[in-house]
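Values quoted throughout were computed directly from the atomic coordinates according to the rules given, and no laboratory measurement underlies them. Because the structure is predicted, anything quoted here is derived from the model rather than measured. Note that each Cβ is placed from the backbone with ideal geometry, even for glycine, and that neighbours are counted across all protein chains shown.
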Amino acid sequence: MNSVLQQVTPTLLIPFYYLRNWKKILDVDYRLHIQILANVHVFQASVNEGSTGVVVNLTVDDRDDPATGAWRAIYSIINGDPNQNFEIQTNLDNNEGMLSVVKPLDYESSMFHTLLIKVENEDPLVPDIVYGPSSTATVYITVMDVNEGPVFFPDPLVVIRRENIPLGSFVAMLNATDPDYLQSQSIRFAVLRDPADWLIVNPFKGNVTTRAILDRESPHVHNNQYTALFLATDNGNPPASGTGTLIITLEDENDNAPYVFPSVARVCEDTKDMNVVVIGGRDKDIRPNTDPFKIELGKQPGLEKTWKISRINDTHSQIMLLHSLKKANYNLPLVLTDSGVPPISNNTELKVQVCTCKKNRMDCSRAASVQTNVLLLLGLLLLSILCL
């Protein structure tokens, strides 16, 4: 905090009221208080706009016994501070009044402030004695101009855009103003933080466009919102900068295929319960591009003779066997389709392990894959032909 305190030459001033009652003054006890603000009634100080802290110390002359209520001073601002930018407190060590800025001042709003300060004692005056003009002082505060950074408005700026819009699409127009309107300064924009590297900004106009595909399912998107920070810098001396936030709410498109869970199921080869597993569909998209899911057997012929799918609700279906299977690993082809427009289907598989079950123990260690056995058989057959 840069502050300058200028004081006129101290002179002892005793109001006429006290001179006229001099004999009466000599007769009263120590509670008689004649206070003069260092015999100085005018103080001057300067302070940089935007800063806070002590700007000037006001001294007081009190002839009562130190460290008593009749000596301790209480300062107050009685005029010139309509917005409560200032505060004055007593320094308990030397009885001085510490005038501080508690709410930053704005040069462009007001370059000068004039405060009227009053000082009193903790103890009341004796009867018929009043505080005179020497118990007040005027403080002139000069606000010094400081180059302030541009301010974004609104901040944050919230926009709604669909994901997957083409490269170069318009996203938002940034708006920043320079508080130093008494100066003619230009503003340049720049990207400060763009986690997915999706955006670009025109440094002079402030229009934001896409440089990559916006993806709602990206890990950089939280609650359908993507957040980027921008910088606005003026050409002052020295330059000053301000930051602004852009929040993009991304609307979903049906661009993700559903998938099945769980992907593995186990069943005993001699089980009498033909219910294998309850499977569900999941989708990275959000409604209406998700459920209800349609879960069907694959298009391979003959599947319907061994397997059956029964719908439970919008997201889950029951996989059932129509007859027992030998111990082996089976890959059951499935087709999952979401409810998006247009819908997206996913050809996937459910791995079903048919295991040996004895005494409440399931042994799947020797369950060979049906597809693996077929390939091995074909390989051995080919090898035998070549050896002939």
Practice task
Take THR68 and decide whether it is surrounded by 14 or more Cβ atoms within 10 Å (Cβ to Cβ) and hydroxyl-bearing (Ser, Thr, Tyr).
Solution key: yes
Exercise for the section: Mind listing whichever residues of the stretch 144-176 are touching a strand residue (DSSP E or B) at 6+ places or on another chain (Cβ under 6 Å) and farther than 30 Å from ASP215 by Cβ? Expected result: MET144, VAL146, GLY149, PRO150, VAL151
Practice task
Find the strands (runs of 3 or more DSSP E) located wholly in the stretch 247-320 whose residues include 1 or more that are within 29 Å of LEU214 (Cα to Cα) and touching a residue at least 12 places away in the same chain (Cβ under 8 Å), and list them.
Solution key: 259-261, 275-282, 294-297
Completion exercise
In the stretch 78-103, anything surrounded by 14 or more Cβ atoms within 10 Å (Cβ to Cβ) and either in a loop (DSSP other than H, G, I, E, B) or touching a Cys at 6+ places or on another chain (Cβ under 7 Å) (or both) is listed as GLY80, ASP81, ASN85, ASN91, ASN95, GLU96
